[in-house]
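Below: the structure, in structure tokens.
The values are calculated or read from the model by the stated rules, or taken from the named source; none is laboratory data. Quick caveat: nothing in here was measured; it's all calculated off a predicted structure. In case anyone asks, the SASA skips ligands and DNA or RNA and just uses the protein heavy atoms, side chains included. Shrake-Rupley method; radii C 1.70, N 1.55, O 1.52, S 1.80 Å.
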Amino acid sequence: MELVYTKKLNYLINGCCEGDRKSQKELYELYKTKMFGVSMRYAQNKALAEDILQESFIKIFKSIKTYKGEGSFEGWMRKILVHTALRYIGKERRYRCVDEEIKSISVDKSVLNDAMQSLEHEQLMKLVDNLPDGYR
């Protein structure tokens, strides 16, 4: 039984290396449930876990040629998924902090309204474009 599984897995890995969509779909179907369970350990909700899973499989398919056959393939995939999850969590935490900073700023609404009315649309868009990513 183990030999059949190993042959099929090797066949799927080789197909994925060649960009075969059918092999990619089969590999995804084979591991999606296990990998989703791992992503749920890192995500706060199902939607985020699905995003992590999807992004992880994209990275897996892009870098599958680098898998050298050393160690388990599932472990190699899990490592990619965990790194992806940690990046997602880091981004989410960073944006959450920015949101909290923005909410904590108190601005006199009349001054803000006067400033907004005096700016042209194009000027405002240039100012927004100059903001750091998290503030845009």
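Carbon and sulfur atoms: what percent of the 1.4 Å accessible area of segment 1-73 do they account for? Mind showing how you got there, number by number?
On the way: 2680 of 4970 Å².
Taking all protein chains in place, segment 1-73 shows 54 percent carbon and sulfur surface.
With θ taken as phi - 60° and the coefficients 6.51, -1.76 and 1.60, list the Karplus ³J(HN,Hα) couplings across segment 56-66 in order, rounded to whole Hz; mark glycine and proline as x.
My calculation for segment 56-66 gives 5, 5, 4, 5, 4, 5, 6, 10, 4, 5, 7 Hz in order.
Would you mind checking 25/91; 91/126; 7/32; 8/32; 25/46 for any pair whose Cα atoms are more than 23 angstrom apart? Each step should come with its number before you reach the end.
Numbers: 25/91 28 Å; 91/126 25 Å; 7/32 19 Å; 8/32 17 Å; 25/46 21 Å.
Flagged as over cut-off: 25/91; 91/126.
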